[in-house]
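The values are calculated or read from the model by the stated rules, or taken from the named source; none is laboratory data. Bear in mind that the values here come from a model prediction, so they are computed numbers and not experimental data. A quick note on method: Cβ atoms are made from the backbone with ideal geometry, for glycine too, and the neighbour counts reach across all protein chains shown. Note: areas computed on protein heavy atoms with side chains; ligands, DNA, RNA excluded. Shrake-Rupley method; radii C 1.70, N 1.55, O 1.52, S 1.80 Å.
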Amino acid sequence: MKVLVCPLDWGIGHATRCVPVINKYLEFGDEVIIAADGRPFEFLKIEFPQCRFIRLKGATITYPKRKGFLIKFFARSPFLLWSYFRERRDIRKIIRSENPSIIVSDNRYGLWDQQVYSIILTHQLNIIFPQSIHFLSGFLNGIINRQIEKFDECWIPDFELHNGLAGKLSHPAKLPVNAHYVGILSRFSDPSGKRNVINSCDYDIFVALSGPETQRTKLEEIIFSQLINSGLSGIIVRGLTELTEDWNLTDKIRVFSHLGTAKMKEFILRSHIVICRSGYSSLMDMATLGKIAILIPTPGQTEQEYLARYHLEKKIYFSMPQHLFDLLYAIEMTRNFPGVIMQNDYKALGERIKSIRESASIIQKAHYK
(Lines give C-alpha, C1' and ligand atoms only; values in the text may rest on other atoms or scores of the structure.)
Protein backbone atom coordinates (compact mmCIF):
# COMPACT_ATOMS: atom_id res chain seq x y z
CA MET A 1 0.00 0.00 0.00
CA LYS A 2 1.04 3.59 -0.57
CA VAL A 3 0.86 5.73 2.59
CA LEU A 4 1.13 9.53 2.59
CA VAL A 5 2.39 10.94 5.92
CA CYS A 6 1.97 14.69 6.49
CA PRO A 7 3.31 16.24 9.73
CA LEU A 8 2.55 19.77 10.86
CA ASP A 9 5.54 22.07 10.34
CA TRP A 10 5.40 24.12 13.58
CA GLY A 11 8.78 23.00 14.96
CA ILE A 12 9.91 19.38 14.54
CA GLY A 13 7.88 17.81 17.35
CA HIS A 14 5.08 16.68 15.07
CA ALA A 15 7.66 15.15 12.74
CA THR A 16 9.47 13.25 15.52
CA ARG A 17 6.30 11.56 16.71
CA CYS A 18 5.59 10.43 13.15
CA VAL A 19 8.81 8.35 13.23
CA PRO A 20 7.26 5.27 14.95
CA VAL A 21 4.20 5.53 12.69
CA ILE A 22 6.38 5.56 9.56
CA ASN A 23 8.49 2.71 10.93
CA LYS A 24 5.38 0.63 11.58
CA TYR A 25 4.10 1.10 8.02
CA LEU A 26 7.54 0.22 6.64
CA GLU A 27 7.46 -2.97 8.76
CA PHE A 28 4.24 -3.90 6.96
CA GLY A 29 6.09 -3.46 3.65
CA ASP A 30 4.19 -0.35 2.60
CA GLU A 31 5.58 2.48 0.50
CA VAL A 32 5.69 5.68 2.56
CA ILE A 33 5.68 9.13 0.96
CA ILE A 34 6.35 12.07 3.29
CA ALA A 35 4.78 15.45 2.55
CA ALA A 36 6.24 18.22 4.69
CA ASP A 37 8.09 21.53 4.69
CA GLY A 38 10.72 23.42 6.67
CA ARG A 39 12.57 21.69 9.49
CA PRO A 40 10.21 18.67 9.62
CA PHE A 41 11.06 18.04 5.95
CA GLU A 42 14.81 18.21 6.66
CA PHE A 43 14.55 16.08 9.81
CA LEU A 44 12.53 13.28 8.23
CA LYS A 45 14.74 13.26 5.15
CA ILE A 46 17.68 12.44 7.42
CA GLU A 47 15.69 9.80 9.32
CA PHE A 48 14.17 8.11 6.25
CA PRO A 49 16.45 8.48 3.21
CA GLN A 50 14.69 5.52 1.61
CA CYS A 51 11.36 7.36 1.41
CA ARG A 52 10.13 9.78 -1.27
CA PHE A 53 9.41 13.38 -0.26
CA ILE A 54 7.02 16.07 -1.42
CA ARG A 55 7.13 19.72 -0.39
CA LEU A 56 3.81 20.58 1.26
CA LYS A 57 3.67 24.11 2.58
CA GLY A 58 1.98 24.84 5.90
CA ALA A 59 0.89 27.96 7.75
CA THR A 60 3.69 29.99 9.33
CA ILE A 61 2.86 30.47 12.99
CA THR A 62 4.24 32.67 15.78
CA TYR A 63 3.30 32.58 19.45
CA PRO A 64 2.88 36.08 20.90
CA LYS A 65 2.76 36.86 24.60
CA ARG A 66 -0.70 36.99 26.16
CA LYS A 67 -0.87 40.74 25.85
CA GLY A 68 -2.68 41.59 22.65
CA PHE A 69 -3.36 37.95 21.76
CA LEU A 70 -7.03 38.57 20.98
CA ILE A 71 -6.21 41.21 18.39
CA LYS A 72 -3.43 39.13 16.85
CA PHE A 73 -5.62 36.03 16.80
CA PHE A 74 -8.42 37.66 14.86
CA ALA A 75 -5.96 39.51 12.62
CA ARG A 76 -4.45 36.17 11.55
CA SER A 77 -7.74 34.31 11.22
CA PRO A 78 -8.16 35.06 7.48
CA PHE A 79 -4.63 33.78 6.81
CA LEU A 80 -5.23 30.56 8.79
CA LEU A 81 -8.49 30.02 6.93
CA TRP A 82 -6.72 30.58 3.62
CA SER A 83 -4.01 28.07 4.68
CA TYR A 84 -6.72 25.48 5.33
CA PHE A 85 -8.20 25.88 1.84
CA ARG A 86 -4.70 25.78 0.35
CA GLU A 87 -4.19 22.44 2.12
CA ARG A 88 -7.46 21.18 0.63
CA ARG A 89 -6.27 22.22 -2.84
CA ASP A 90 -2.77 20.77 -2.41
CA ILE A 91 -3.93 17.40 -1.08
CA ARG A 92 -6.16 16.93 -4.13
CA LYS A 93 -3.17 17.59 -6.40
CA ILE A 94 -1.05 15.04 -4.51
CA ILE A 95 -3.84 12.45 -4.63
CA ARG A 96 -4.12 12.87 -8.40
CA SER A 97 -0.38 12.44 -8.91
CA GLU A 98 0.42 9.79 -6.27
CA ASN A 99 -2.86 7.89 -5.77
CA PRO A 100 -2.22 6.96 -2.09
CA SER A 101 -4.24 4.33 -0.26
CA ILE A 102 -3.96 6.07 3.12
CA ILE A 103 -3.31 9.61 4.38
CA VAL A 104 -1.87 10.11 7.88
CA SER A 105 -2.15 13.78 8.81
CA ASP A 106 -0.50 15.02 12.00
CA ASN A 107 -2.57 17.98 13.23
CA ARG A 108 -3.26 19.23 9.69
CA TYR A 109 -7.04 19.46 9.51
CA GLY A 110 -7.30 20.07 5.77
CA LEU A 111 -5.47 16.94 4.66
CA TRP A 112 -8.29 14.46 4.17
CA ASP A 113 -10.25 13.20 1.21
CA GLN A 114 -13.47 11.26 0.77
CA GLN A 115 -11.81 8.91 -1.71
CA VAL A 116 -8.73 8.09 0.41
CA TYR A 117 -8.76 6.49 3.87
CA SER A 118 -7.77 9.48 6.02
CA ILE A 119 -6.32 9.44 9.55
CA ILE A 120 -5.61 12.43 11.75
CA LEU A 121 -2.99 12.07 14.47
CA THR A 122 -3.63 14.51 17.33
CA HIS A 123 -3.65 14.76 21.11
CA GLN A 124 -5.45 18.12 21.02
CA LEU A 125 -9.07 17.09 21.41
CA ASN A 126 -9.69 19.80 23.98
CA ILE A 127 -7.64 22.83 22.92
CA ILE A 128 -6.93 25.37 25.65
CA PHE A 129 -7.27 28.92 24.39
CA PRO A 130 -5.84 32.07 26.03
CA GLN A 131 -7.97 33.72 28.69
CA SER A 132 -8.69 36.63 26.35
CA ILE A 133 -10.69 34.38 24.02
CA HIS A 134 -11.77 31.75 26.56
CA PHE A 135 -15.39 32.70 25.98
CA LEU A 136 -15.02 31.33 22.43
CA SER A 137 -13.39 28.03 23.45
CA GLY A 138 -16.57 25.94 23.22
CA PHE A 139 -17.38 27.32 19.78
CA LEU A 140 -13.81 26.90 18.45
CA ASN A 141 -13.38 23.39 19.86
CA GLY A 142 -16.69 22.46 18.26
CA ILE A 143 -15.39 23.57 14.86
CA ILE A 144 -12.16 21.59 15.36
CA ASN A 145 -14.01 18.45 16.46
CA ARG A 146 -16.22 18.64 13.37
CA GLN A 147 -13.04 18.76 11.26
CA ILE A 148 -11.64 15.73 13.12
CA GLU A 149 -14.79 13.77 12.37
CA LYS A 150 -14.29 14.34 8.63
CA PHE A 151 -11.40 11.87 8.87
CA ASP A 152 -12.02 8.14 8.87
CA GLU A 153 -10.04 7.74 12.09
CA CYS A 154 -8.51 9.91 14.81
CA TRP A 155 -5.40 8.46 16.44
CA ILE A 156 -4.63 9.82 19.91
CA PRO A 157 -0.94 9.47 20.90
CA ASP A 158 -1.61 8.85 24.58
CA PHE A 159 -2.81 6.16 26.96
CA GLU A 160 -6.50 6.07 27.82
CA LEU A 161 -6.23 5.38 31.56
CA HIS A 162 -5.55 7.91 34.33
CA ASN A 163 -5.60 10.92 31.98
CA GLY A 164 -2.45 9.64 30.28
CA LEU A 165 0.41 12.06 29.68
CA ALA A 166 -1.54 14.94 28.11
CA GLY A 167 -4.26 15.30 30.76
CA LYS A 168 -7.47 16.94 29.60
CA LEU A 169 -5.99 17.79 26.20
CA SER A 170 -6.35 14.16 25.11
CA HIS A 171 -9.16 13.18 27.47
CA PRO A 172 -12.16 15.40 26.69
CA ALA A 173 -15.59 14.89 28.21
CA LYS A 174 -16.75 13.45 24.89
CA LEU A 175 -14.46 11.65 22.45
CA PRO A 176 -14.94 11.92 18.68
CA VAL A 177 -16.72 8.84 17.35
CA ASN A 178 -13.68 7.91 15.23
CA ALA A 179 -11.11 8.16 18.07
CA HIS A 180 -8.59 5.46 19.03
CA TYR A 181 -5.85 5.69 21.67
CA VAL A 182 -2.58 4.32 20.25
CA GLY A 183 -0.22 5.07 23.17
CA ILE A 184 2.58 7.62 23.35
CA LEU A 185 4.75 7.95 20.24
CA SER A 186 8.47 8.62 20.62
CA ARG A 187 11.30 8.28 18.13
CA PHE A 188 13.43 7.03 21.07
CA SER A 189 11.24 4.04 21.89
CA ASP A 190 12.41 0.47 21.49
CA PRO A 191 9.93 -1.45 19.30
CA SER A 192 10.53 -4.54 21.45
CA GLY A 193 9.29 -2.64 24.52
CA LYS A 194 12.60 -2.99 26.40
CA ARG A 195 13.39 -0.33 28.99
CA ASN A 196 16.37 1.94 28.50
CA VAL A 197 19.23 1.09 30.83
CA ILE A 198 21.39 3.96 32.11
CA ASN A 199 24.76 2.77 33.36
CA SER A 200 26.25 6.18 34.13
CA CYS A 201 25.63 9.91 33.61
CA ASP A 202 28.63 11.61 32.00
CA TYR A 203 26.97 15.03 31.62
CA ASP A 204 25.13 17.30 34.04
CA ILE A 205 22.58 18.50 31.49
CA PHE A 206 21.24 17.92 28.00
CA VAL A 207 19.51 20.92 26.39
CA ALA A 208 17.08 20.40 23.50
CA LEU A 209 16.11 23.69 21.84
CA SER A 210 13.07 23.63 19.58
CA GLY A 211 9.94 25.41 18.47
CA PRO A 212 9.01 28.34 16.24
CA GLU A 213 11.18 31.41 15.91
CA THR A 214 11.83 33.89 17.42
CA GLN A 215 11.23 32.11 20.72
CA ARG A 216 13.71 29.33 19.94
CA THR A 217 16.50 31.88 19.54
CA LYS A 218 15.45 33.79 22.67
CA LEU A 219 15.63 30.63 24.78
CA GLU A 220 18.98 29.74 23.22
CA GLU A 221 20.40 33.13 24.28
CA ILE A 222 19.12 32.67 27.85
CA ILE A 223 20.58 29.16 28.12
CA PHE A 224 23.95 30.14 26.65
CA SER A 225 24.35 33.16 28.93
CA GLN A 226 23.62 31.14 32.09
CA LEU A 227 25.77 28.16 31.12
CA ILE A 228 29.00 29.93 30.20
CA ASN A 229 30.14 30.50 33.80
CA SER A 230 28.13 27.71 35.44
CA GLY A 231 30.88 25.08 35.51
CA LEU A 232 28.35 22.49 34.33
CA SER A 233 29.05 19.85 31.72
CA GLY A 234 26.56 19.11 28.98
CA ILE A 235 25.31 18.81 25.43
CA ILE A 236 23.18 21.41 23.64
CA VAL A 237 21.20 20.59 20.49
CA ARG A 238 19.97 23.77 18.79
CA GLY A 239 17.17 22.14 16.74
CA LEU A 240 18.46 23.55 13.44
CA THR A 241 18.06 20.63 11.04
CA GLU A 242 19.28 22.70 8.09
CA LEU A 243 22.78 23.06 9.63
CA THR A 244 25.56 20.56 10.44
CA GLU A 245 27.72 22.65 12.78
CA ASP A 246 29.20 21.63 16.13
CA TRP A 247 31.41 23.64 18.46
CA ASN A 248 32.36 24.16 22.11
CA LEU A 249 30.52 26.70 24.25
CA THR A 250 32.96 25.94 27.11
CA ASP A 251 35.53 23.22 27.67
CA LYS A 252 32.73 21.13 29.23
CA ILE A 253 29.79 21.97 26.93
CA ARG A 254 29.44 20.81 23.33
CA VAL A 255 26.92 22.44 20.96
CA PHE A 256 25.35 20.68 17.95
CA SER A 257 23.02 22.23 15.39
CA HIS A 258 21.24 18.88 15.02
CA LEU A 259 21.71 15.24 15.96
CA GLY A 260 20.32 12.05 14.50
CA THR A 261 17.95 9.98 16.64
CA ALA A 262 20.49 7.35 17.77
CA LYS A 263 23.16 9.85 18.84
CA MET A 264 20.64 12.15 20.51
CA LYS A 265 19.17 9.25 22.48
CA GLU A 266 22.66 8.22 23.60
CA PHE A 267 23.52 11.73 24.86
CA ILE A 268 20.16 12.08 26.67
CA LEU A 269 20.65 8.77 28.46
CA ARG A 270 24.17 9.84 29.47
CA SER A 271 22.89 13.13 30.94
CA HIS A 272 21.51 13.63 34.44
CA ILE A 273 18.87 16.27 33.57
CA VAL A 274 17.19 17.32 30.33
CA ILE A 275 16.11 20.91 29.66
CA CYS A 276 13.48 21.27 26.94
CA ARG A 277 10.20 22.84 25.91
CA SER A 278 6.99 21.42 27.35
CA GLY A 279 5.72 20.44 23.92
CA TYR A 280 3.87 17.15 23.94
CA SER A 281 6.39 15.37 21.71
CA SER A 282 9.19 16.32 24.14
CA LEU A 283 7.11 14.97 27.05
CA MET A 284 6.57 11.67 25.23
CA ASP A 285 10.34 11.43 24.66
CA MET A 286 11.10 12.14 28.34
CA ALA A 287 8.54 9.61 29.56
CA THR A 288 9.85 6.98 27.14
CA LEU A 289 13.44 7.45 28.36
CA GLY A 290 12.45 7.93 32.01
CA LYS A 291 14.44 11.16 32.37
CA ILE A 292 14.34 13.98 34.91
CA ALA A 293 13.43 17.11 32.97
CA ILE A 294 13.12 20.88 33.38
CA LEU A 295 10.34 22.26 31.18
CA ILE A 296 10.25 25.77 29.71
CA PRO A 297 6.95 26.44 27.88
CA THR A 298 7.01 28.58 24.74
CA PRO A 299 5.58 32.00 25.71
CA GLY A 300 2.02 32.42 24.46
CA GLN A 301 1.64 28.71 23.61
CA THR A 302 -1.26 27.75 25.87
CA GLU A 303 -0.91 24.00 25.25
CA GLN A 304 2.69 24.02 26.50
CA GLU A 305 1.78 26.25 29.44
CA TYR A 306 -0.97 23.82 30.43
CA LEU A 307 1.29 20.75 30.10
CA ALA A 308 4.05 22.40 32.15
CA ARG A 309 1.56 23.35 34.88
CA TYR A 310 -0.12 19.92 34.78
CA HIS A 311 3.14 18.03 35.35
CA LEU A 312 4.39 20.56 37.90
CA GLU A 313 1.22 20.06 39.97
CA LYS A 314 1.60 16.28 39.69
CA LYS A 315 5.22 16.58 40.91
CA ILE A 316 6.54 14.88 37.78
CA TYR A 317 8.52 17.63 35.99
CA PHE A 318 9.69 20.99 37.31
CA SER A 319 8.98 23.97 35.06
CA MET A 320 9.67 27.71 34.87
CA PRO A 321 8.51 30.51 32.55
CA GLN A 322 11.11 31.56 30.00
CA HIS A 323 11.40 35.16 31.23
CA LEU A 324 12.03 33.99 34.82
CA PHE A 325 14.29 31.06 34.02
CA ASP A 326 17.10 30.46 36.51
CA LEU A 327 19.21 27.47 35.53
CA LEU A 328 20.87 26.66 38.87
CA TYR A 329 17.63 27.13 40.83
CA ALA A 330 15.75 24.85 38.39
CA ILE A 331 18.41 22.16 38.71
CA GLU A 332 18.15 22.32 42.50
CA MET A 333 14.35 21.99 42.33
CA THR A 334 14.49 18.79 40.25
CA ARG A 335 15.28 16.88 43.45
CA ASN A 336 11.53 16.94 44.14
CA PHE A 337 10.46 16.03 40.60
CA PRO A 338 11.60 12.49 39.64
CA GLY A 339 9.98 12.27 36.20
CA VAL A 340 8.02 9.26 35.00
CA ILE A 341 8.58 6.15 32.88
CA MET A 342 5.95 5.11 30.31
CA GLN A 343 6.56 2.37 27.78
CA ASN A 344 4.58 1.72 24.62
CA ASP A 345 4.82 -1.70 23.00
CA TYR A 346 3.02 -0.28 19.92
CA LYS A 347 0.54 -3.14 19.86
CA ALA A 348 -2.40 -0.71 19.72
CA LEU A 349 -0.83 1.15 16.79
CA GLY A 350 -0.03 -2.09 14.98
CA GLU A 351 -3.56 -3.37 15.52
CA ARG A 352 -5.06 -0.17 14.08
CA ILE A 353 -2.86 -0.40 10.99
CA LYS A 354 -3.65 -4.09 10.54
CA SER A 355 -7.37 -3.47 11.00
CA ILE A 356 -7.36 -0.68 8.41
CA ARG A 357 -5.46 -2.81 5.91
CA GLU A 358 -8.07 -5.54 6.27
CA SER A 359 -11.13 -3.30 6.42
CA ALA A 360 -13.78 -3.21 3.74
CA SER A 361 -13.91 0.60 3.80
CA ILE A 362 -10.41 1.08 2.44
CA ILE A 363 -11.06 -1.50 -0.28
CA GLN A 364 -14.27 0.32 -1.22
CA LYS A 365 -12.49 3.66 -1.39
CA ALA A 366 -9.72 2.21 -3.52
CA HIS A 367 -12.34 0.75 -5.86
CA TYR A 368 -14.17 4.10 -5.97
CA LYS A 369 -10.99 5.89 -7.06
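Observations on the model:
- Largest accessible area first, the residues 220, 332, 42 order themselves as 332, 42, 220 under a 1.4 Å probe with ligands, DNA and RNA left out.
- Remark: accessible surface ordering of 247, 155, 82, 112 (largest first) is 82, 247, 112, 155, probe radius 1.4 Å.
- Table column - 3J(HN,Hα) (Hz), segment 79-93, Karplus curve with 6.51, -1.76, 1.60, x for Gly and Pro: 5, 5, 5, 5, 4, 4, 5, 5, 4, 4, 5, 5, 5, 5, 5
- Apportionment of accessible area to carbon and sulfur, segment 73-182, percent (1.4 Å): 58 percent
- Positive dipole terminus of the chain, leading residue within 311, 350, 83 (C-beta point charges): 83
- On a per residue basis, segment 245-322 carries 32 Å² of accessible surface, using protein heavy atoms and a 1.4 Å probe.
- Folded to 0 to 90 degrees: helix 347-358 orientation relative to the chain principal axis, Cα: 20 degrees
- Charges were assigned to the Cβ only: +1 to each Lys and Arg, -1 to each Asp and Glu. The resulting dipole of the chain about its Cα centre is roughly 860 debye.
- Peptides 224-233, 201-210 ordered by packing proxy, namely the average of other Cβ atoms within 10 Å per residue, highest first: 201-210, 224-233.
- When both segment 215-287 and segment 289-361 are represented by their alpha-carbon centers, they are found 17 Å apart.
- Solvent accessible area, Å² - residue 352, 1.4 Å probe, full protein context: 50 Å²
- Computed FRET value (nearest 0.05) for residue 261 with residue 77, which takes r as the C-beta separation and R₀ as 35 Å: 0.45
- Per-residue ellipticity at 222 nm computed for the chain from its helices equals -11500 deg cm²/dmol, with DSSP H segments shorter than 4 residues left out and the rest contributing -39,500 (n - 2.57).
- Rounded to the nearest 10 degrees, the inclination of helix 280-289 to the longest alpha-carbon principal axis of the chain is 70 degrees.
- Degrees separating the helix 215-227 axis from the principal Cα axis of the chain, which is the longest one: 20 degrees
- Counting lysine pairs in segment 221-369 that sit 8 or more residues apart in sequence, or on different chains, and whose Cα atoms lie under 23 Å apart gives 10.
- For segment 265-369, the share of accessible area belonging to carbon and sulfur comes to 54 percent (1.4 Å probe, ligands and nucleic acids excluded).
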